[in-house]
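Here the structure is laid out as structure tokens; the discussion comes afterwards.
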2 protein chains.
Amino acid sequence: MMIIATPQSMHFADRLPLQSGASLRDYSLSFETYGTLNADKTNAVLICHALNASHHVAGVYAGKEKSEGWWDNMIGPGKAVDTNLFFVIGVNNLGSCFGSTGPMHPNPDGPAGSGKLYGADFPVVTVEDWVNAQARLLDGLGIQTLAAVLGGSLGGMQALSWTLQYPSRVRHAVVVASAPNLTAENIAFNEVARRAITTDPDFHGGHFYERGVVPKRGLRIARMIGHITYLSDDVMNEKFGRRLRAVVKDGELGSYLYSTLEAEFQIESYLRYQGDKFAEYFDANTYLLITRALDYFDPARSYGGDLSQALARATAKFLLVSFTTDWRFSPKRSREIVKALLVNRRDVSYAEIDAPHGHDAFLLDDARYMSVMRSYFDSISKEVKA
Amino acid sequence: MMIIATPQSMHFADRLPLQSGASLRDYSLSFETYGTLNADKTNAVLICHALNASHHVAGVYAGKEKSEGWWDNMIGPGKAVDTNLFFVIGVNNLGSCFGSTGPMHPNPDGPAGSGKLYGADFPVVTVEDWVNAQARLLDGLGIQTLAAVLGGSLGGMQALSWTLQYPSRVRHAVVVASAPNLTAENIAFNEVARRAITTDPDFHGGHFYERGVVPKRGLRIARMIGHITYLSDDVMNEKFGRRLRAVVKDGELGSYLYSTLEAEFQIESYLRYQGDKFAEYFDANTYLLITRALDYFDPARSYGGDLSQALARATAKFLLVSFTTDWRFSPKRSREIVKALLVNRRDVSYAEIDAPHGHDAFLLDDARYMSVMRSYFDSISKEVKA
């Protein structure tokens, strides 16, 4: 049975104070829910998204067969996170371009009646800010405690942050392919992508909407860089290797074009295609905001870098999952979190999945990965009598 | 004693046929020499350069103390490659922007008398083409056989190619931090850098000289990407970590700026600085040409991917050196060359240096690395009675 998903929206009139000192008011959060909240309201699972995703986590939209949610392979009736048992909530974060209030929406604090869009004036939002906004959404839905909060990559950072900001509201945190903060190299890749966007002449300091242009050149480059870091060297070699675009018969040696401008290798046309596609739908200001949220996340920062101290507040039980070929957020980074939790004698399960797909693995079907998730959520369902 | 270097130039009227089918005529190669050619002409060592380097390998220019050649730490009187023993030749490759004929020079095959610059019409040059041009330079210098050809990274590919194109003219090939071809990921990084340049509105299809502009935005991005791949994750963490630009006293916690546009972390300002500097002096067309030469190099290609077969022609003795933290051209790639040579029962030495500096290590001082180079070149000097 396929879920038919229905996007919803909740409006918040009250100001949300942000970590930066700024605040947002009169904002909306887009969300979707799947399954049914039980009478005790103990079976809610919140899904936090990463860079290029949204509240549309599972199911399809009516009449649109190809509109599967981004984690539909894991979440649904009878799936690893079983919506016959759990009430699953997908939420789109502030600053996104997929429905919740973001840079392309009118700024209520702009010049009166101007209808001026936020653009670059949308305040910097952090993982902690997103979690606060998500907590208000749960308040609105009448949910006090989550059976689990689950996220991959940047979503995993939100899941981790939930256990620190609202320890009493989270029973389980499932943190997949994530890290306790970005390394210098991670920040470096984000910075190059941001510079590609902000130096695109069509960026106009972030106020490009009113000019009717989009900094597509920069978005394309940003996405191409991103894609390289999502894949493993191995999977790239297997998928593309040094194969040329020119179609050749078996055994024939394709000729080089000897061009610096044409896409010569398959990996090149793949990256160009991914870049072009992304630039058509993703927002440049959102890209900046989301990569900055990644850069800033660092719960150990206020504890002189001591992650164990930072995680002492967490009372949830944890499942951490990492993937061997993920060089963006390597298993080493997940192990740092595991270690810090163990120092605090927390209940932690950890699975290091031997998968070839790099960081992308967290979104893909892998029998061992899905089996770990299924058995962990099975045990949660028993615990909360879902 | 410091060498005072003197750049020289050699003109070639005859057409150089290129791998692509195109050709170059009336071109010049810039070069420098250090030390003295012995009477038997057996002590010549050719140095091949990588992306961002030139014929200025060692010494300084008269009156310019800070103008050390790019491998001055290794090459000079009493150094690992001792110019008291060897006659060392540095040569700038065709298509470069440091002196030899390149895209910013007049195209002799352009419209008569137009003086039109090559720009994007400069033909694609390959590693093999460069080696052919270098062989003509040696002819001009009256040198039949090289005691050694030495290069790092892309320079190592040239050294390897010398042993295949002119096996009888090379006694020793020293191939440092190199690879038998690029992986899909290597090509991917090159492609993103190229796209940043070619989609810069100031690129004008490669004919930007006549418009008096430079595609600096693209060059900056290209360099930033390059820098990330030259360094190791470890050395970036050690050098920059998550440190902020804001100067803070010991023990104080610097404040985040909460900005998507400002450089917040030290790694960001480092990369921006490197990008800005590069865009001031490097040529965009040269960047495209050199990265394409990297992409295309693949001696095993004509042998169905069988590197052992490809290297069967080589008769030189080899030293290969790789660095443990080099993820651009990892030790694994050097070992592929070693293995293919051993299959052919060639004389191969191999040193895998445990160094933290990533790909950049081949340019840096490292006691073990320098000691390996010194002892290898000592033995060459005895062999050739230098």
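Numbers at a glance
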{"item": "Unique match (being within 12 Å of B:SER28 (Cβ to Cβ) and outside any strand (DSSP E or B)) among B:ALA120, B:ALA133", "result": "B:ALA133"}
{"item": "Inter-residue pairs, beta-carbon under 9 Å, first basic (Lys, Arg) and in region B:284-306, second in a helix (DSSP H, G or I), 6+ apart", "result": "B:ARG292/B:ASN190; B:ARG292/B:ARG194; B:ARG301/B:ALA310"}
{"item": "Which listed residue is free of Cβ contacts under 8 Å to residues at least 60 places away in the same chain, more than 9 Å from chain B (Cβ to nearest Cβ) and of a type outside the set (S, T, N, Q), from A:GLY226, A:GLY254", "result": "A:GLY254"}
{"item": "Any hit, region B:76-92, residues being in contact with an Asp or Glu (Cβ under 7 Å, 6 or more places away or on another chain), within 14 Å of another protein chain (Cβ to nearest Cβ), at pLDDT 95 or above and open to solvent by less than 30 Å² (accessible area, probe 1.4 Å)", "result": "no"}
{"item": "Hey, A:ARG242 surrounded by 20 or more Cβ atoms within 10 Å (Cβ to Cβ), at the interface with chain B (Cβ under 7 Å from one of its Cβ atoms) and in contact with a strand residue (DSSP E or B) (Cβ under 7 Å, 6 or more places away or on another chain) or not", "result": "yes"}
{"item": "Residue list for region A:337-349, filter: surrounded by 17 or more Cβ atoms within 10 Å (Cβ to Cβ) and in a helix (DSSP H, G or I)", "result": "A:ILE337, A:VAL338, A:ALA340, A:LEU341"}
{"item": "Filtered residue count, region A:350-369, keeping only those that are open to solvent by 30 Å² or more (accessible area, probe 1.4 Å) and either part of a helix (DSSP H, G or I) or of a type in the set (Phe, Trp, Tyr) (or both)", "result": "5"}
{"item": "Any hit, region A:157-173, residues being under 30 Å from A:LYS116 (Cα atoms), open to solvent by 30 Å² or more (accessible area, probe 1.4 Å) and not β-branched (Val, Ile, Thr)", "result": "no"}
{"item": "Test result for A:ALA193, of a type in the set (A, V, I, L, M, F, W, C) and surrounded by fewer than 24 Cβ atoms within 10 Å (Cβ to Cβ)", "result": "no"}
{"item": "Residue check, B:SER100 over 19 Å from A:LEU257 (Cβ atoms), modelled with pLDDT of 95 or more, crowded, with 23+ Cβ neighbours inside 10 Å and in contact with a helix residue (DSSP H, G or I) (Cβ under 7 Å, 6 or more places away or on another chain)", "result": "no"}
{"item": "Top-ranked residue in region B:183-219 [being facing chain A (nearest Cβ under 7 Å) and acidic (Asp, Glu); ranked as farthest from B:THR229 (Cα to Cα)]", "result": "B:GLU191"}
{"item": "Any hit, region A:229-239, residues being under 22 Å from B:GLY218 (Cβ atoms) and either at the interface with chain B (Cβ under 9 Å from one of its Cβ atoms) or buried (at least 19 other Cβ atoms within 10 Å of the Cβ) (or both)", "result": "yes"}
{"item": "Helices (runs of 4 or more DSSP H) fully within region A:263-329 counting 3 or more residues that are away from chain B (no Cβ under 12 Å) and surrounded by fewer than 23 Cβ atoms within 10 Å (Cβ to Cβ)", "result": "A:266-281, A:307-311"}
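The values are calculated or read from the model by the stated rules, or taken from the named source; none is laboratory data. Because the structure is a prediction, the values reported are computed rather than measured. For neighbour counting, all protein chains shown are included, and Cβ atoms are generated from backbone atoms with ideal geometry for every residue, glycine included. Ligands, DNA and RNA are stripped out before the accessible areas are found, and what is left, the full protein with its side chains, is counted by its heavy atoms. Shrake-Rupley method; radii C 1.70, N 1.55, O 1.52, S 1.80 Å.
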